[in-house]
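Right, one structure below, let's go through it.
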Amino acid sequence: FASRMGYLLYKHISAVNIIKRGCVCAENRGVSDKKEVYDVIISGGGMVGSAMACSLGMDPNLTGKRILLLEAGHKKVMEKVPDAYSIRVSSISPGSATLLSGIGAWEHITKMRCKPYKRMQVWDACSDALITFDKEDLLDEMAYIVENDIIVAAITKQLDTLPDNVQVKYRSKVVKYTWPVFHRTADAVPWVQVTLASGQTLQTKLLIGADGPNSMVRQELGIPTVKWNYDQSAVVAVLRLSEPTENNVAWQRFLPTGPIAMLPLSDTESSLVWSTSPELAEELLELEEESFVDAVNSAFWNNENHSDLIETASSLFRGALSTMTPSAGSPRQLPPSVAGIGPKSRVMFPLGMGHASEYIRQRVALIGDAAHRVHPLAGQGANLGFGDVACLTQLLSQAAFDGKDLGAIQHLLEYETERQRHNLPMMAAIDLMKRLYSTNAAFVVLLRTFGLQATNMLPALKEQIMAYASK
Amino acid sequence: MPSARFVSHTTVDPEEVKRFQSLANKWWDEQGEFAALHAMNDLRVPFVRDNLLNVQWEHHPGKPLAGLRILDVGCGGGLLTEPLGRLGANVLGLDPVEDSIRIAQQHLSHDLDLCDQVSYRACTLEQLSGEGNEEQQEQSGEWSEGQFDAVVASEVVEHLADLETFAICCNRVLKPGGSLFITTINKTNLSYALAIVVAEQLLHIVPSGTHDWEKFISPVELERLLESNGFSVQSVQGMMYNPLSGAWCWTNSTAINYALHAVKENHDAEDSCSHPEDVPADKHS
């Protein structure tokens, strides 16, 4: 028996020798140690980037794969939820909530703070046309308003629980990317190389760019991007309501200068997102608190933009519609009035639209704002990003189960096709809405008034819209 | 017996070797001459994986084929060898064409994780399986008879000189109950029309002269050959290539391409699919 064991041991050692002979030794090439080659590197640790890291790290088919998340900022830990609401919030659709739930972050979010809402009212300032969206019985949530800080903190908490093959490097800024050459020669390194500010160079079989609207990954790849700056900036703040209310409606009114939205945070507080011209935005920031509050209330309540012509035409049209569908249509409600603003000050940021014509290249994929940037008027920005995460995770999981190289182009192309098919119509619709509502020219107002009223009276159409936005 | 083959006791046809030598550099060009073979991985990797998973007791998430030793006969540039290695199996790729092995090793060398799982040798199946006595085993190392859980011969048998010897060697290197996976082309009028005329001469999906219709073998004949050499055929499945989409799909008809899964008969266990670990190491000495 002992000699048999000895023989088996000898065979094993020779096996190792054969493997070494059969494989050209990496040391000769100056290729760095095995530990520095990652299976996936994600560049950018925002909501979408960290969700991607968590999603890949928890996928059973990707068990043991080396995944690294690179974030230039510091780690966002939230031991205790701060009393004051933060001003940057997102509307999380049921589809995104499902993803976050799947990666174990939703549980943390609900324990920290989030506000479900059941109805959304969108109306025009130039007429009394309005549209409301709600789930039929008002028992189900439509979507959730969650502070961005809470989303990131919840995902970070979940990332901490993952095994060592999933790593996060904070305070790591990337200074250079080196792309793989198209036709491999014997010596060329086939992986993507990432050089950090610290001088360290990492290699990866797949790079995922989640580095925001001004993505360095996208720019370094030279991917043509359709983009324009809207002549608008968004002013965001936390509003204190005059009196506590069952605050479960999201309000948005289209002013000629841009949409103003009030999103519920709690029974006493709401988040303001007011998209308007940059000049007006600056004025708003400089106003005293009382005047600012007046401006907000007035924007929601007053009817100075109504004209007799429009009012007559729209009530005629509404009359005609109600003979066809007598039961449809809903009365206009008014949002709660505002008494003050939250302790954190108001800020503004410029708005733009952007779409990368390609989401992928060899061994690279773009997700989130790096691939597509939209106007906040439909609350879809974060959701499109989470949709990218779900789609790419599923495709990479299947690729791994089929023994494929994760950076291979076939499944990356599938990701690009699937997401572009979903994102482009959404972005076009949002852009169209923005343009449609940016004027008070009578003809356009009439058109959109009729359009809005008609849509409001067609439950089937509204359901389609909600379903698409909920994904 | 197929008429074009001589019983030569060597499976390798020198003409075939020469032909593949000239194409060696094209293996890893996914849009090149071997594009259809790259695309075939979408069928053959799951075929091997799922049939092996059916006999596995343990499931390792992330490495479904961990702990299994696989021999890839006629591995070429390693197109199928690498995915099997990525799934956690310990894979040895064999090919008589030295340039192909060189290309395979080169492609492998960058991926250090995969280097632990995959190795290559430029030799024939008979050379490997003939290393029966201890002296030769010491020279060759770890691979010898009855050591593999699976043998994969994909798009190989239609290039071989002697199928009988091939079947005998496969049997020798497999553990009892081990699996043999073959993908090849049927010998029918339709396969002549599509695989030779259309694929080679008209559409150039396959380099001209790659296949000799006389060497194709029908599933029935292949089954007969294997069953007379200690195998039990478990399943045969038709495959079809769509040149427009560049993708393969499974199909009911085996008239053109097909995949076959056979199992080496286990002489003393009741069922033929015994767990490989159960077999004592010195059973066939």
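The values are calculated or read from the model by the stated rules, or taken from the named source; none is laboratory data. Source: prediction; values computed, not measured. Here the Cβ is made from the backbone with ideal geometry for all residues, glycine too, and neighbour counts use every protein chain on show.
Among the residues of segment A:7-30, is there at least one that is part of a helix (DSSP H, G or I) and at pLDDT 60 or above? So that I can check it myself, show each step before the final result.
Of the residues in segment A:7-30, the ones part of a helix (DSSP H, G or I) are A:7-22, A:26-29.
Imposing the further condition that a residue be at pLDDT 60 or above reduces the set to none.
No; the residues of segment A:7-30 include none that is part of a helix (DSSP H, G or I) and at pLDDT 60 or above.
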Residue among A:219, A:203, A:232, A:193 that alone is surrounded by fewer than 20 Cβ atoms within 10 Å (Cβ to Cβ) and touching a Ser or Thr at 6+ places or on another chain (Cβ under 8 Å) = A:193
inquiry  = Being surrounded by 14 or more Cβ atoms within 10 Å (Cβ to Cβ) and touching a Pro at 6+ places or on another chain (Cβ under 8 Å) is the requirement here; does residue A:346 meet it?
reply    = no
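I'd like to know if segment A:67-90 contains one or more residues that are part of a helix (DSSP H, G or I), more than 9 Å from chain B (Cβ to nearest Cβ), at pLDDT 60 or above and in contact with a Ser or Thr (Cβ under 9 Å, 6 or more places away or on another chain). Lay out the reasoning, then the answer.
Applying the first criterion (part of a helix (DSSP H, G or I)) to segment A:67-90 yields none.
No; the residues of segment A:67-90 include none that is part of a helix (DSSP H, G or I), more than 9 Å from chain B (Cβ to nearest Cβ), at pLDDT 60 or above and in contact with a Ser or Thr (Cβ under 9 Å, 6 or more places away or on another chain).
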task = Within segment B:105-126, identify whether any single residue is surrounded by fewer than 19 Cβ atoms within 10 Å (Cβ to Cβ), closer than 25 Å to residue B:263 by Cβ, touching a residue at least 40 places away in the same chain (Cβ under 8 Å) and not polar (S, T, N, Q), and answer yes or no.
result = yes
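Going through B:59, B:9 one at a time, which residue ends up being within 10 Å of chain A (Cβ to nearest Cβ), surrounded by fewer than 18 Cβ atoms within 10 Å (Cβ to Cβ) and modelled with pLDDT under 80? Before you say what the answer is, go through the steps one by one.
On the way: B:9 fails: within 10 Å of chain A (Cβ to nearest Cβ).
One residue alone meets the criteria, B:59.
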query = If residue A:315 satisfies every condition in (1) surrounded by fewer than 17 Cβ atoms within 10 Å (Cβ to Cβ); (2) within 14 Å of chain B (Cβ to nearest Cβ) but one, which is the exception?
reply = (2)
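Among the residues of segment A:220-245, how many are in a loop (DSSP other than H, G, I, E, B) and not charged (D, E, K, R)? Working first, answer last.
Initial filter on segment A:220-245 (in a loop (DSSP other than H, G, I, E, B)): A:222-224, A:242-245.
Retained after the next criterion (residues that are not charged (D, E, K, R)): A:222-224, A:242, A:244-245.
The total comes to 6.
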query = Residues of segment A:57-105 being more than 30 Å from residue A:175 (Cα to Cα), of a type in the set (A, V, I, L, M, F, W, C) and touching a Lys or Arg at 6+ places or on another chain (Cβ under 8 Å), which ones?
reply = A:81, A:84, A:87, A:105
remark   = The number of residues in segment A:106-129 that are surrounded by 18 or more Cβ atoms within 10 Å (Cβ to Cβ) and in a strand (DSSP E or B) is 7
note = Flagged in segment A:73-110 as within 19 Å of the chain's Cα centre (by Cα) and among the hydrophobic types (A, V, I, L, M, F, W, C), in numbering order, are A:87, A:89, A:92, A:97, A:99, A:100, A:103, A:105, A:106, A:109
note = Restricting segment B:27-37 to residues that are in contact with a helix residue (DSSP H, G or I) (Cβ under 9 Å, 6 or more places away or on another chain) and either away from chain A (no Cβ under 12 Å) or assigned to a helix (DSSP H, G or I) (or both), the one surrounded by the most Cβ atoms within 10 Å (Cβ to Cβ) turns out to be B:34
